[in-house]
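Taking it in order: structure first as structure tokens, then the write-up.
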Amino acid sequence: MPAGIATLVFAAGILGLFLLDRDPKSHTSKALWIAVIWLSIAGSRSVGQWIGTLHGASITDTTSDASAYTEGSPTDRLVYSGLLLAGLIVLVRRRQEVLGILRANWPLVAFFLYCAVSVAWSDYPDVAFKRWIKALGDVVMVLIILTDRDRYAAIKRALAWTAFLLIPISVLFIKFYPDLGRGYHPWIWTPYYTGVATNKNELGRLCLILGLGVVWRIVTALRSEQRAARNMHLLAFGACLAMVSWLLWMAGSMTSMSCFFMAGALMLATSLRMVARKPWVVHVMVFAILAASVTTLFLDMGSGVLQTMGRDPTLTGRTDIWKLVLGMAGNPVFGTGFESFWLGKRLEKMWSIYWWHPREAHNGYLEMFLSLGWLGIVMFGIVLVTGYRTVVSAFRRNAEEGKLRLAYFTVAVAYNFAESAFGSLNLIWICFLLATISVPGGWIKNKPRKAVAAVTKLAPPVVFHAWSEFDPA
């Protein structure tokens, strides 16, 4: 099939997915599209990289320039700043809800404030500050979703719309636009598949997060009593799941693939009433998944499993990288500053050793230690503990939403044993925030705001209904 015709077919298919997922009864604000655009960029490539690849530059050319990695792209800064400004305007209009959420999540607020303070001892404070602003954008986008007038519908739509855009386009690129969807290993010239991402690991990460959202929607649809809507949702998300499965296989990212199956099994298990009614069983399952990940990756008893997965005992050279970066670590208490380790001489040294130019330690906890020191590790540990409490509490109140939160939390903790995903513009980090941020009970979905409550005392039911449907954001 010619690429042009394939593009038209995929465009029609994407439109069909949006139509199949349409729900006239759900009313979310137009501001949700700000978060969807941010998620789409986080799951694919920056605008600067898109411009580069569309003008003929290879994927490697747009991601391996040391100066561009340090200085950033003016185009990207403009796009991120515009989205962040638009998001802040939305949150100012929802300031009562936002302030309530921030008060309820003080450990996360304290952690981000410490990240901001750590900019002061970075070797490149201007670069570190820009990266902190970008990380703040992740929080802003999550808050846009969580403060929507129909929070449950906003979560569903944000994940579904991002999946409808990125997953089919990844298939299209790999099959019909190899210059955009594939890369080639130097010297041996064998292909690896990237889709809309920049490398196979990021494609796997994209499929992992959005694929779990797809599985969640399928499980939810199976419980629906509305036959017509259920069939449309099953058709749309069944097609997405088929594409996700194929992309995971093509990407060959063992970390993403194993996390997808473990979290998917956890989601299916917690869908059973006999499991959902016994919280201790849920705790045991989460602990078992994390314990299995640790023993497989870091203890000798997991070497056979690693070889079965196509990995050597060094985790494809990860243990060597860990030894090198620990030898270059800065202050053990405070670290090198927010996202500042992979800059300057340290970056040059690592790139002189490895031809493939690493930009992360391939372990999220080690990465955090290098940037924020033991103090940052302790503060993030508090975020993990309080976040898990939030996830479990959400699961008890609303099992449908809670099972997604539980899956995302477990994935974030396990994935970072072998990859670095606690950082800005990263789908795993964004969905970790989405899962662990506590929403006070006063703003459960469709809960009238204080102003609306005041109006109901004076206005007739018709006026109240019109007011409650209005959302300036």
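The values are calculated or read from the model by the stated rules, or taken from the named source; none is laboratory data. Quick caveat, the model's predicted, so the values are computed rather than measured. As a convention, Cβ positions derive from the backbone with ideal geometry for all residues, glycine included, and neighbour counts pool all protein chains shown.
Just a few scattered comments:
- Helices (runs of 4 or more DSSP H) wholly inside the stretch 341-415 containing at least 3 residues that are within 26 Å of residue 129 (Cβ to Cβ): 344-353, 364-397
- Count of residues meeting criterion [out of contact with any helix residue (DSSP H, G or I) (no Cβ under 7 Å at 6 or more places or on another chain) and among the hydrophobic types (A, V, I, L, M, F, W, C)] in the stretch 247-267: 4
- Condition broken by residue 236, with the remaining ones in (1) under 30 Å from residue 52 (Cβ atoms); (2) of a type outside the set (Phe, Trp, Tyr); (3) out of contact with any strand residue (DSSP E or B) (no Cβ under 8 Å at 6 or more places or on another chain); (4) at pLDDT below 95 satisfied: (1)
- So residue 208, is it assigned to a helix (DSSP H, G or I) and crowded, with 21+ Cβ neighbours inside 10 Å: yes
- Within the stretch 255-274, the set of residues being under 18 Å from the mean Cα position of the chain (by Cα) and not polar (S, T, N, Q) comprises 257, 259, 260, 261, 262, 263, 264, 267.
- Evaluation of residue 167 against (1) at pLDDT 95 or above; (2) more than 26 Å from residue 251 (Cα to Cα) (one fails), failing number: (2)
- Leading residue by the ranking (nearest to the chain's Cα centre (by Cα)) among those in the stretch 154-192 that are more than 30 Å from residue 220 (Cβ to Cβ) and among the hydroxyl-bearing types (Ser, Thr, Tyr): 192
- Selection status of residue 303, at pLDDT below 80 and in contact with a Pro (Cβ under 6 Å, 6 or more places away or on another chain): yes
- The number of residues in the stretch 78-104 that are buried (at least 17 other Cβ atoms within 10 Å of the Cβ) and of a type in the set (Lys, Arg) comes to 1.
- Members of the stretch 244-254 that are within 19 Å of the chain's Cα centre (by Cα), crowded, with 20+ Cβ neighbours inside 10 Å and in a helix (DSSP H, G or I): 244, 247, 248, 251
- Residue count for the stretch 173-202 satisfying the condition of being aliphatic (A, V, I, L, M) and farther than 14 Å from residue 40 by Cβ: 3.
- The set of residues from the stretch 186-233 being more than 13 Å from residue 163 (Cβ to Cβ) and of a type in the set (A, V, I, L, M, F, W, C) comprises 187, 188, 189, 197, 203, 219, 221, 222, 228, 229, 232.
- Members of the stretch 119-129 found to be assigned to a helix (DSSP H, G or I), at pLDDT below 95 and crowded, with 20+ Cβ neighbours inside 10 Å, listed by number: 127, 128
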